[in-house]
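Structure first, then comments.
All of the numbers you see were taken from the coordinates with simple rules; none came from a lab. Given the structure is predicted, the values throughout are model-derived calculations rather than measurements. As a convention, Cβ positions derive from the backbone with ideal geometry for all residues, glycine included, and neighbour counts pool all protein chains shown.
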Amino acid sequence: MQTKKISIFLILLLAVSILGGCAGNKTSGVTATEKKSFTIVTSFYPMYVSTLNVARDIASVQVINMTKPQTGCLHDYQLTPQDLVTLESADAFVVNGAGMEAFLNDVISRQKNLKIIEASRGITLLRDPSGEYNPHVWVSITDAIAQVRNIAGQLSAVNAENAKKYESNANIYIAKLEALKTKMHASMAHIKTRDIITFHEAFPYFAQEFNLHIAAVIERDPGTAPTMKELAAIIDMVNKSKVKVLFAEPQYSPSSARTIAAETGAKIYSLDPAVQAVTDGNAYNEYINVMETNLISLKEALG
Ligand SMILES: [Zn+2]
């Protein structure tokens, strides 16, 4: 009985593979290029969300994020052996650029044929007080839209067979981002305070977009707590000025912010640079959802 079951199974398997083989030969003769899958690797979460939207519902295209959804910014990030394996599978590598991926030259020298898609290309970059370019381009919605256009345009150039789909997907996503931008500008047109203190140097593009003034940045280098002297200077500045709003980021420990708040009476609010996954599952709307939450926080903080 058991043997009979197995042999029926084997016959079925053989039949399926023969039929499958025939069907495969038929299509490969006509559309050989369409059958080939195209793998896009993204450097970190914001690039993943934008690229996922651009490559939405294209059967032959897969999008893989090189880093974990919780990695956050790639300041000082070192490539892992697993990253190198992931990159080996890539036809295109979507990066933020503007100095965020310090390891990029290393990748280019290892994989000379890899197509690099640079999301920040052509976008006017802001400089930090240190003189270096600030890479947090996507935190401005206007620049996030420009990045989506860049990603779609450059992907279309290297994977022409899907160009139409990339462009139409980009247009659909950009329409959502434009609606978000309009809503945020309308909501923030009449806020009372425009001076804010932020946690790390993630918000200059956002502040520029919404006409906010960043009076101080608590940690210039993420993960590096301010020295006692720097902390004292910020406390002094907050006490002397009208700035009573601190924006901590969910990604970092708020201990310095708490100290400043305790010493000055300033209040701590949350502002998220949309650099990590917040929810499980649906990554498509993650950027928009985070900005909607930021808007609630900003309205509460700035009146
Ligand atoms: Zn950062």
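Within the listed set LYS112, LYS165, LYS242, the residue fluctuating most in the Gaussian network model of the chain (springs between alpha-carbon atoms under 10 angstrom) is LYS112.
For the pairs LYS115/LYS181; LYS192/LYS229; LYS176/LYS299, note any where the Cα-Cα span goes beyond 24 Å.
Working: LYS115/LYS181 31 Å; LYS192/LYS229 31 Å; LYS176/LYS299 21 Å.
Table pairs above 24 Å Cα-Cα are LYS115/LYS181; LYS192/LYS229.
Charges were assigned to the Cβ only: +1 to each Lys and Arg, -1 to each Asp and Glu. The resulting dipole of the chain about its Cα centre is roughly 820 debye.
Please name whichever of HIS190, ILE174, VAL278 sits farthest to the positive end of the charge dipole of the chain, dipole taken about the Cα centre and charges placed at Cβ: Lys and Arg +1, Asp and Glu -1. Checking the options against the dipole of the chain, the answer is ILE174. Couplings 3J(HN,Hα) for the stretch 243-255, derived from phi with the Karplus relation 6.51 cos²θ - 1.76 cosθ + 1.60 (θ = phi - 60°), are 6, 10, 10, 10, 10, 8, 9, x, 7, 10, 5, x, 5 Hz, where x marks Gly and Pro. The charge dipole of the stretch 231-303, taken about its Cα centre with unit charges on the Cβ atoms of Lys, Arg (+1), Asp and Glu (-1) only, comes to about 440 debye.
What translational diffusion coefficient, to the nearest whole µm²/s, does the stretch 192-272 have by Stokes-Einstein, given a Kirkwood radius computed over alpha-carbon pairs, a temperature of 25 °C and 0.890 mPa s viscosity?
Working: Rh = 12.5 Å.
This corresponds to a translational diffusion coefficient of 196 µm²/s.
Rounded, prolate or oblate: which fits the stretch 100-169 when a ≥ b ≥ c are the square roots of the eigenvalues of the alpha-carbon gyration tensor, with rounded for a/c under 1.5 and prolate only if a/b beats b/c?
Oblate shape, in that a/c is at least 1.5 and b/c is the bigger or equal ratio.
For the stretch 95-105, 3J(HN,Hα) computed residue by residue from phi via the Karplus equation (6.51, -1.76, 1.60; θ = phi - 60°) reads 10, 6, x, 6, x, 5, 9, 5, 8, 4, 4 Hz, glycine and proline entered as x.
Computed from Cα positions, the angle between helix 45-54 and the longest principal axis of the chain comes to roughly 50 degrees.
Pair-distance distribution of the stretch 169-303: all C-alpha pairs, bin width 5 Å, starting at 0; shares per bin in whole percent are 2, 10, 19, 22, 19, 13, 8, 4, 2, 1. Pairing the Cα long axis of helix 141-158 with the longest principal axis of the chain, what angle in degrees results, from 0 to 90 and rounded to the nearest 10? It is inclined by approximately 30 degrees.
Checking the a/c ratio against 1.5 first, then a/b against b/c, what shape does the Cα gyration tensor give for the stretch 144-205?
Oblate, because a/c is 1.5 or more while a/b does not exceed b/c.
Dividing the C-alpha radius of gyration of the stretch 253-303 by 2.2 N^0.38 Å, with N its residue count, gives 1.38.
Return an integer: the convex hull volume of the alpha-carbon atoms of the chain, in Å³ per residue. It would help to have the intermediate numbers written out before the result.
Numbers: hull volume 55.0 nm³, N = 303.
Expressed per residue, the convex hull around the Cα atoms of the chain is 182 Å³.
Close amide H partners of ASP195, meaning residues 5 or more places away or on another chain with modelled amide H under 5 Å apart, are HIS213. Restricting attention to the chain, close to 5% of DSSP beta bridges with both partner residues there are antiparallel. Considering the stretch 40-188, its Cα convex hull presents a mean projected area of 9.6 nm².
Which value in deg cm²/dmol, rounded to the nearest 500, describes the helix-derived mean residue ellipticity at 222 nm for the chain, given -39,500 (n - 2.57) per DSSP H run of n ≥ 4 and division by the residue count? Per the formula, -15500 deg cm²/dmol. Amide H contacts of GLU219 (H built 1.01 Å from N, in plane; Pro and chain starts excluded): HIS200 sit under 5 Å, all sequence-distant by 5 or more or on other chains. Within the stretch 234-303, none of the GluC sites (Glu not before Pro) combine a DSSP coil assignment with at most 11 other C-beta atoms in a 10 angstrom radius. Each Cα pair under 8 Å and six or more residues apart adds its sequence gap; the mean of these over the residue count of the chain is a relative contact order of 16 percent.
Shown in residue order for the stretch 287-303 are the 3J(HN,Hα) couplings computed by the Karplus curve 6.51 cos²θ - 1.76 cosθ + 1.60 at θ = phi - 60°: 4, 5, 4, 5, 5, 4, 5, 4, 4, 4, 5, 5, 5, 5, 6, 9, x Hz (x for Gly and Pro).
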